[in-house]
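Visitor: Structure incoming, see below.
The values are calculated or read from the model by the stated rules, or taken from the named source; none is laboratory data. Since the structure is predicted, the reported quantities are computational estimates derived from the model, not experimental observations. Neighbour counts are summed over all protein chains in view; Cβ atoms, including those assigned to glycine, are modelled from backbone coordinates with ideal geometry.
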Amino acid sequence: MPELSDRDFHNFCQLVYQHAGIHLSPQKKELVRARLSKILRLRGLSEFQDYYELVRRDQSGVELVQLLDAISTNQTAFWREPGHFVFLGQEVLPAWRSRNRQGRRWRLWSAGCSSGEEAYSLAMVLLDGLSAAELTGVKILATDLNTQVLAQAQRGIYPLARLEPLPVEWRRRFFQKGVNQWEGYVRVKPEIRSLVQFRRLNFMEPFQFGENFDIIFCRNVMIYFDKNTQAELVHKFYQCLNPGGYLFIGHSESLCSITHNFNYVKPTIYRK
Ligand SMILES: C[S@@+](CC[C@H](N)C(=O)[O-])C[C@H]1O[C@@H](n2cnc3c(N)ncnc32)[C@H](O)[C@@H]1O
C-alpha cells in the first residue's frame, strides 16, 4: 500500500468534509489509506496526491461520488435499535389509525438508509400494523449518499444470517428464501419492496420534497458530522416534517448540545 502523507490525508479530509459533511479525525488515517488504496490500484495510480488531483479535476463528479462511496461507513442491521420500531408500532400507528378517517397519506423517510435494512424494517412494522386500505396511502423514502449500498438496498437480497434480529414469524412472512445459486440468501417480498423508494441524496446539498414527512429516521448518521453540520441538518429535518411528526436519531446520538425547535419525547425520539 502506498504511504498517505499528512498533507494528502488533510486534503482528502477537507474534500470529504466540504462535500459530505463527514468529519474524519486523525485516528481515521489508516482507515482512509486502506479504503483509498483500492481505488488507486483500480486507477493504476501509485501516489495519493495523483488520485486527489484526479478527483479535484474531474468535472463529471463521478470520481467524487466514488471517493465518498469509499469513505462513508455503512454499518447497519435489520431491527437495529428495536425500541424505535416498537414505539412506532405501539404508539404512533394506533394514533395515526384513530385520526386517519379521511384517508390521509403518510410519509416516512429513512435518511441515511445504507443497504436498506432500516427502511425495510419500517415497512414490516407498517405491514404488520396497518390494513391493506391504510397501506395504500403510505410511502417510505430511503436515501443515502453511497451509491453502492443503495444498489444493494434496491436489490433487497441479503445473506440469511442477517435476518437473525427479526422476530421469527416475520422472517417467514416477509422474505423469500433463495434456491440453487441463491441458497443461503433471502429476498424481501414484493409487498415490502413496493412500499420503499430508494434514491441518492447528499444531506450537504439543498433538498426539498413535494410532501412533508410524518416520520424521519436519521440514525447513526450525525455521529459523523460536527456540531454545526448536525444543527443545520436537524433544522432542515424540522422544516420538512409535518406538525406532530417524529424525528428518530441513533442511540449514541443526542440533540442536547445543539439549538433546535423539537419537543423531546424520550431519549433519541423528538417531535415537531
Ligand atoms: C452507519 S450508516 C447508518 C445506517 C442506518 N441509518 C442505521 O442506523 O443502521 C450511516 C449512513 O449515512 C450515510 N451518509 C453519510 N454522510 C452522508 C451525507 N452527507 N448524506 C447522506 N448520507 C450520508 C452513509 O453513506 C451511511 O450509509
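Visitor: Pairs please, first residue from region 67-84 and at positive phi, second anywhere and more than 7 Å from the ligand (Cβ to nearest atom), Cβ atoms under 6 Å, 6+ apart in sequence or on different chains.
Guide: Close Cβ pairs satisfying both conditions: Trp79/Ser121; Trp79/Pro165; Trp79/Leu166; Glu81/His251.
Visitor: Any residue in region 172-189 that's exposed (fewer than 12 other Cβ atoms within 10 Å of the Cβ): show its pairings with residues that are not hydrophobic (A, V, I, L, M, F, W, C) at Cβ separation under 8 Å, as long as the two are six or more apart or on different chains.
Guide: Gly184/Pro159; Gly184/Gly178
Visitor: Ok, one more. Of (1) under 19 Å from Tyr246 (Cβ atoms); (2) touching a helix residue (DSSP H, G or I) at 6+ places or on another chain (Cβ under 7 Å); (3) outside any helix (DSSP H, G or I), Glu134 satisfies all except one. Which?
Guide: (3)
Visitor: I would also like to ask the following. Asp69 - would you say it is closer than 29 Å to Leu15 by Cα, surrounded by fewer than 21 Cβ atoms within 10 Å (Cβ to Cβ), within 11 Å of the ligand (Cβ to nearest atom) and modelled with pLDDT of 95 or more?
Guide: yes
Visitor: Given the criteria of a type in the set (Lys, Arg), more than 21 Å from Phe217 (Cβ to Cβ) and away from the ligand (no atom under 11 Å from the Cβ), does Arg97 qualify?
Guide: On the way: of a type in the set (Lys, Arg): yes; more than 21 Å from Phe217 (Cβ to Cβ): no; away from the ligand (no atom under 11 Å from the Cβ): yes.
Here the answer is no, as Arg97 does not meet what is asked.
Visitor: Given (1) in a helix (DSSP H, G or I); (2) among the small types (Gly, Ala, Ser); (3) more than 24 Å from the chain's Cα centre (by Cα), identify the lone condition not met by Ser60.
Guide: Status for Ser60: all satisfied but (1).
Visitor: Mind telling me which of the residues Phe213, Phe217 ends up being touching a Leu at 6+ places or on another chain (Cβ under 6 Å) and within 16 Å of the ligand (Cβ to nearest atom)?
Guide: Of Phe213, Phe217, the one residue that is touching a Leu at 6+ places or on another chain (Cβ under 6 Å) and within 16 Å of the ligand (Cβ to nearest atom) is Phe213.
Visitor: Suppose we keep only residues that are in contact (Cβ under 8 Å) with a residue 40 or more places away in the chain and of a type in the set (A, V, I, L, M) within region 137-160. Which one would you say is surrounded by the fewest Cβ atoms within 10 Å (Cβ to Cβ)?
Guide: This residue is Val138.
Visitor: Which residues, counting only those in region 92-131, are among the aliphatic types (A, V, I, L, M) and either without any contact (Cβ under 8 Å) to a residue 24 or more places away in the chain or assigned to a helix (DSSP H, G or I) (or both)?
Guide: The initial filter retains those residues of region 92-131 that are among the aliphatic types (A, V, I, L, M), namely 92-93, 95, 108, 111, 119, 122-127, 130.
Of everything in region 92-131, those that are among the aliphatic types (A, V, I, L, M) and either without any contact (Cβ under 8 Å) to a residue 24 or more places away in the chain or assigned to a helix (DSSP H, G or I) (or both) turn out to be Val92, Leu93, Ala95, Ala119, Leu122, Ala123, Met124, Val125, Leu126, Leu127.
Visitor: Let me ask something else about it. Considering only region 229-266, state which residues are surrounded by fewer than 20 Cβ atoms within 10 Å (Cβ to Cβ), under 22 Å from Trp96 (Cα atoms) and in contact with a Ser or Thr (Cβ under 8 Å, 6 or more places away or on another chain).
Guide: Matches in region 229-266: none.
Visitor: So, one more: Can we say Glu81 is within 26 Å of the chain's Cα centre (by Cα) and away from the ligand (no atom under 16 Å from the Cβ)?
Guide: Answer is no for this residue.
Visitor: Next question. Which condition breaks for Lys266 when tested against (1) out of contact with any Asp or Glu (no Cβ under 8 Å at 6 or more places or on another chain); (2) within 16 Å of the ligand (Cβ to nearest atom)?
Guide: Unmet for Lys266, out of (1) out of contact with any Asp or Glu (no Cβ under 8 Å at 6 or more places or on another chain); (2) within 16 Å of the ligand (Cβ to nearest atom): (2).
Visitor: Need the failing condition index for Leu31 against (1) within 16 Å of the ligand (Cβ to nearest atom); (2) free of Cβ contacts under 8 Å to residues at least 24 places away in the same chain; (3) closer than 28 Å to Gln239 by Cα, just the number.
Guide: Failed condition: (3).
Visitor: Can we say Asp226 is in contact with a His (Cβ under 6 Å, 6 or more places away or on another chain) and acidic (Asp, Glu)?
Guide: Answer is yes for this residue.
Visitor: Given the condition in the same structural domain as Gly156 (by TED's automatic domain parsing), closer than 30 Å to Lys227 by Cβ and not in a helix (DSSP H, G or I), answer yes or no: does some residue in region 21-36 qualify? It would help to see each step written out before you state the result.
Guide: Residues of region 21-36 in the same structural domain as Gly156 (by TED's automatic domain parsing): none.
No, the conditions are met nowhere in region 21-36.
Visitor: Might you check whether a residue that is within 15 Å of the ligand (Cβ to nearest atom), farther than 22 Å from Thr76 by Cα and not polar (S, T, N, Q) occurs anywhere in region 188-202?
Guide: Looking for residues that are within 15 Å of the ligand (Cβ to nearest atom), farther than 22 Å from Thr76 by Cα and not polar (S, T, N, Q), one finds none in region 188-202, hence no.
Visitor: Being among the hydrophobic types (A, V, I, L, M, F, W, C), more than 16 Å from the ligand (Cβ to nearest atom), in a helix (DSSP H, G or I) and crowded, with 18+ Cβ neighbours inside 10 Å is true for just one of Leu88, Leu40, Leu4. Which residue is that?
Guide: On the way: Leu88 fails: more than 16 Å from the ligand (Cβ to nearest atom); Leu4 fails: in a helix (DSSP H, G or I).
Testing whether each residue is among the hydrophobic types (A, V, I, L, M, F, W, C), more than 16 Å from the ligand (Cβ to nearest atom), in a helix (DSSP H, G or I) and crowded, with 18+ Cβ neighbours inside 10 Å leaves just Leu40.
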